[in-house]
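What follows is a short report on a single structure.
What follows draws every value from the coordinates through simple rules; no lab data is involved. In this text the structure is predicted, and so the values were computed from the model without any measurement. Counting neighbours? That spans all protein chains shown, and the Cβs are built from the backbone with ideal geometry, glycine included.
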Amino acid sequence: MEDPTPDPGERRLSRPPSDRYRAAEPDATASEPTASSAAPARGIAFAVVVAIVLAAAITVVGGILLVSAGLVVVAAAGGWAIAIALKVGAGSTIAPSARIWQAAGLALVAVLLGQIGLWLFARSEGGVLPIVEYLGETFGPLVPLQALAATVASAWSAR
């Protein structure tokens, strides 16, 4: 039998160095981060945060930066980001058909909030037109195109 206490001045490793290349055995107490962290509420919360960012981006790009046609691209990118946030947060806990409807609905609401933000920004700068007249005169067909781009991009990405 080997003596468990080493001689003075001799050092031994607790395990062989090659153990670092061995696949780690699963720990019974640890759970998969994706399985435990994915939840419908978390996915919707992530998507709502991205929708608020989209509404703010539409307001800033259209109101402060005075970009009009680029708003369609901003809306499409925001719709895509809403769907991805919903997929990342919820994982497979939401059925694909429900996820498509939720992402498209949030994208549409975000674009509408962005349009309200544009109108409020114009009012703060001295505008006097009602919201429908202002959006119609200033952006014309770009408003429904933004809504369409955001909804289609989010529905396509949420599949």
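Between the labelled values (1) -0.71, -1.00, -1.06, -1.25; (2) -0.40, -0.61, -0.86, -1.04; (3) -0.32, -0.60, -0.88, -1.14, the entry that holds log10 I(q)/I(0) by the Debye sum over Cα atoms at q = 0.08, 0.12, 0.16, 0.19 Å⁻¹ as derived from this structure is (2).
Counting charges near residue 90 (Lys, Arg +1; Asp, Glu -1) among other residues having Cβ under 13 Å from its Cβ returns a value of +3. Counted by Cβ distance under 15 Å from residue 138, the other residues give a net charge of -2, where Lys and Arg count +1 and Asp and Glu count -1.
Is it possible to state the helix-based mean residue ellipticity at 222 nm for the chain, with each DSSP H run of 4+ residues giving -39500 (n - 2.57), the sum divided by total residues, to the nearest 500 deg cm²/dmol? What is it? Dividing the helical sum by the residues of the chain leaves -21000 deg cm²/dmol.
Inter-label distance, residue 128 to residue 45: 4.7 nm, where each label sits 7 Å from its Cα along the C-beta direction. The length gained on full extension between residue 95 and residue 112, counted as 0.36 nm times the residue separation minus their Cα-Cα distance, comes to 3.5 nm. Among the DSSP helices (H) of the chain, those spanning at least 27 angstrom by Cα along their long axis with an average Kyte-Doolittle hydropathy of 0.5 or more are 40-59, 70-90, 96-124; this is a geometric and hydropathy rule only. Between residue 18 and residue 120, the contour length at 0.36 nm per residue exceeds the Cα-Cα span by 30.1 nm. Our estimate of slack between residue 60 and residue 148, defined as 0.36 nm per intervening residue step minus the Cα-Cα distance, is 29.7 nm. Note: relative contact order over the chain, using C-alpha pairs below 8 Å and six or more positions apart, is 31 percent.
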